[in-house]
Amino acid sequence: MSEVDLGFSMRMDENQPEPVMPENLFTIRPDTKGPKSVAVILFFGAILLFFLAYSDVALHQAIDLSTEEVETILTTPNSQGDGSEDVTAEQYQDFHDEARASGGYAVRGYGLGLGGLLIFIGSILLFRLKSLGAILSVSGASIGLVAGIIGSVLVKGAADATLVGVLLLTYEITVYLCGVCMVMCLGIAALPLINARSRLALYPQVELVIDSEE
């Protein structure tokens, strides 16, 4: 069989350098949008914590609740039972006194307030891509988590000692709800420190390139 001449030939030069992939082809790029989005969420979360903290601090400082306040609070839970476990105004006042004495309102109120303040400041710094902002936000969320759970448990203990009926379940749910919300807040605050691209935006790496001439 004769060879077919295609009109061209290919020769491989042994000294020809092999193609080199660019070094920065798979380099992780900093993500500046992610931390800023987290900062906005934390900012509004801190404002919500301020309202919750103010409510608890106000309850801690209130020695006696007015009759109108107690009736407003008890209207819904008392209407859900058969009347045998209705909570009276005197019972709820005893619960309020016990909750104040246990320090539940104070621990939760001041703890959430301090945590909210750190998150508020941290969110502003994080929006400016400062690593300190992420650290402050994580610290604030951690303080809020611990103080929120401890304070809610103390308030629940006061409820177990003085209340009956639906309100017992309400204060038990509050413990879990506070814990879940603060865990979510802590997770969101930690995202810029965990995500590789967001972390590069907070901790930019300076590369020094030296060109040498032969």
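Would you mind pulling out the separation of the Cα centroids of the stretch 25-73 and the stretch 79-154, in Å? Distance between centres, Cα-based: 10 Å.
Return the lysines within reach of K130: Cα separation strictly under 26 angstrom, same-chain partners fewer than 8 residues apart disregarded; answer none if there are no such residues. Excluding near neighbours in sequence, the set is K33, K36.
Output needed for the stretch 89-177: three equivalent-ellipsoid semi-axes, defined as square roots of 5 times the C-alpha gyration tensor eigenvalues, in descending order, whole Å.
34, 11, 8
For the stretch 65-214, the normalised intensity computed at q = 0.10, 0.13, 0.21 Å⁻¹ comes to -0.51, -0.71, -1.17 (log10 of I(q)/I(0), Debye sum over alpha carbons, equal scatterers, no solvent). Straightening the chain between I28 and A101 buys 20.9 nm, computed as 0.36 nm per residue apart minus the Cα-Cα spacing.
Values quoted throughout were computed directly from the atomic coordinates according to the rules given, and no laboratory measurement underlies them. Here the structure is a predicted model, which means the values were calculated and not measured.
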